[in-house]
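The values are calculated or read from the model by the stated rules, or taken from the named source; none is laboratory data. Just so we're clear, the structure is a prediction, and the values are computed from it rather than from any experiment. All Cβ positions, even for glycine, are placed from backbone atoms using ideal geometry, and neighbour counts span all protein chains on display.
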């Protein structure tokens, strides 16, 4: 990027004013004054020429970009793109559904088997029944009581030695 | 995908067909806690956090102190012994693994004589509390837990 201020050795007009002149955004008398000055000041003329060149380059670039964009967004182009998108979306969805069905089936089988194994071997399921079933009690005891707590059905045997 | 999951399905099918005892192993981790229950203080030992509320819901004692805690791996048919206060001995023996329960034979000896005996079907990962012997202004409780390994 060129910096006009550093090259501009004339103190009468700064780069900003020259830029406004180039864009024709100054009052007629100011425009006229600058035009007169440019005919005699090579520095300011050089600045204005550089500005013009840069402006042209920029304008060409923008034009090329717009023309490319215009081609891309033409009605025909849009339709082609929509068709492509549509086709790929449905194709993707179909693929996903096909794959998903298999995965779902296998996951279901695995889940059922896992649940059955857990229930069958039954260590991690919610406990039901007393913590211990007392089959028999014997010994030199005067009395015995078998209790079960309400909260977790914890079994307690309480005996009195004879 | 099917190729990946097929071995998993086969594994679960085999696991389903295997007896639980074979899958879980035959060893039983048996835990024993000796507790002194009294009304001398208001205290529940931190080591009894799990069964403390259960005991408090049944007994009127205010203090539950953990005197001894031990655990042992026992194969069915093998006996484990623990010395208890007051010249007593606790003997535990897992007899069999029956589904979700472990069949235990439990006996308490006092000066060599068998004073108490019971056979229980203990829920796997569950516990039973046996109490009754007098000890130091209170009573002794024995909490016996069993876990299939």
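Given the conditions (1) at pLDDT below 70; (2) more than 10 Å from chain B (Cβ to nearest Cβ); (3) surrounded by fewer than 11 Cβ atoms within 10 Å (Cβ to Cβ), report the number of the one that residue A:94 does not fulfil.
Of the numbered conditions (1) at pLDDT below 70; (2) more than 10 Å from chain B (Cβ to nearest Cβ); (3) surrounded by fewer than 11 Cβ atoms within 10 Å (Cβ to Cβ), the odd one out for residue A:94 is (1).
If I filter segment B:102-114 down to residues being surrounded by fewer than 22 Cβ atoms within 10 Å (Cβ to Cβ) and within 9 Å of another protein chain (Cβ to nearest Cβ), which single residue comes out as farthest from the chain's Cα centre (by Cα)?
Top of the filtered list is B:113.
Looking at this structure, is residue B:123 under 14 Å from the mean Cα position of the chain (by Cα) and either surrounded by fewer than 17 Cβ atoms within 10 Å (Cβ to Cβ) or at pLDDT below 95 (or both)?
Answer is yes for this residue.
Exactly one condition in (1) within 13 Å of chain A (Cβ to nearest Cβ); (2) at pLDDT 55 or above is false for residue B:47; which is it?
(1)
Regarding residue A:151, is this residue assigned to a helix (DSSP H, G or I), within 11 Å of chain B (Cβ to nearest Cβ) and either exposed (fewer than 11 other Cβ atoms within 10 Å of the Cβ) or modelled with pLDDT of 70 or more (or both)?
No: the conditions fail for residue A:151.
Would you say residue B:83 is at pLDDT 95 or above, within 24 Å of residue A:136 (Cα to Cα), more than 8 Å from chain A (Cβ to nearest Cβ) and part of a strand (DSSP E or B)?
No: the conditions fail for residue B:83.
If the requirement is being out of contact with any strand residue (DSSP E or B) (no Cβ under 8 Å at 6 or more places or on another chain) and facing chain A (nearest Cβ under 8 Å), which of these qualifies: B:117, B:99, B:126, B:132?
B:99
When segment B:114-131 is examined, which residues are found to be within 13 Å of residue B:30 (Cα to Cα) and either without any contact (Cβ under 8 Å) to a residue 60 or more places away in the chain or touching a helix residue (DSSP H, G or I) at 6+ places or on another chain (Cβ under 6 Å) (or both)?
The answer is B:122, B:123, B:124, B:125, B:126, B:128.
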